[in-house]
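One structure is given below, encoded as structure tokens.
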Amino acid sequence: MGDWLKTVDSSTVLWGQMIIYTIYCLAVISIVGFIALKLTRKPTREPRVSNRLFYAWVGLLVVTGVSLHLISYNTIPWVKDDLAGNGDVAATYSLSIGKDPAGDNTPAWTFVDPSTTPLAVPCNELVKFSVQSRDNTYGFGIFRADGTMVAQMQVVPGHANDLLWTFNRDGTYTIRSTEYSGPKGYRVIAPDAIVVTGCK
């Protein structure tokens, strides 16, 4: 079980949760159907579903809903890093974002040490991304080659914006801004900025 959890990433978790919560939502919708059926039936007719069965169904849904959250707690990859991350990181990567007054005022990513790009990130090691904003609020999003998001955080000017993360799959990742920052915000991309190696 422990080895399986190490290979779980956000796409696996979101896919599983989509299936589970779709089933759960359909079950909850059945309660609305029951209430609608009861409201539209003539008072003289016996209900098809007894009150006892109805409350047992609601109780089962409550227990199932709470259980889903308890079971998925340990499979969500960002929980461990946020709760147990105590500053013992393998590496810290510093970068900033903001408009370049010398250019056309299009926001852009700037790496503190440009010679280190792309960022060589080790696999299965806790790393920290420290991001500063030079002007507006931006987003710091890490994306896979297929366009799905691995992780993200909001980057607020004048504050420390740190993202702790453990990569468990080799790959090349792109950094994008995930916040609206004006009509040129869609250009705030650092393609192939992170390369993760060393996974089994």
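Quick notes on this structure:
- The residues listed here are Ser177, Ser115, Ser181; of these, the one that is surrounded by 14 or more Cβ atoms within 10 Å (Cβ to Cβ), within 14 Å of Leu95 (Cβ to Cβ) and small (Gly, Ala, Ser) is Ser177.
- Check on Asn124, touching a Cys at 6+ places or on another chain (Cβ under 9 Å) and either more than 13 Å from Thr178 (Cβ to Cβ) or of a type outside the set (Asp, Glu) (or both): yes
- Selection count, the range 107-129, where residues are of a type outside the set (Ser, Thr, Tyr), more than 22 Å from the chain's Cα centre (by Cα) and in a loop (DSSP other than H, G, I, E, B): 3
- Screening the candidates Tyr21, Tyr93 for the property of being in contact with a helix residue (DSSP H, G or I) (Cβ under 9 Å, 6 or more places away or on another chain), at pLDDT 70 or above and not in a helix (DSSP H, G or I) yields one hit, Tyr93.
- Against the list (1) over 23 Å from Trp15 (Cα atoms); (2) at pLDDT 90 or above; (3) surrounded by fewer than 19 Cβ atoms within 10 Å (Cβ to Cβ); (4) not small (Gly, Ala, Ser), the condition Asp170 fails is (1).
- Considering (1) within 30 Å of Trp15 (Cβ to Cβ); (2) modelled with pLDDT of 90 or more, the lone condition that Val188 does not fulfil carries the number (2).
The values are calculated or read from the model by the stated rules, or taken from the named source; none is laboratory data. Here the structure is a predicted model, which is why all the values come from computation and not from measurement. We place every Cβ from the backbone using ideal geometry, glycine too, and count neighbours over all the protein chains shown.
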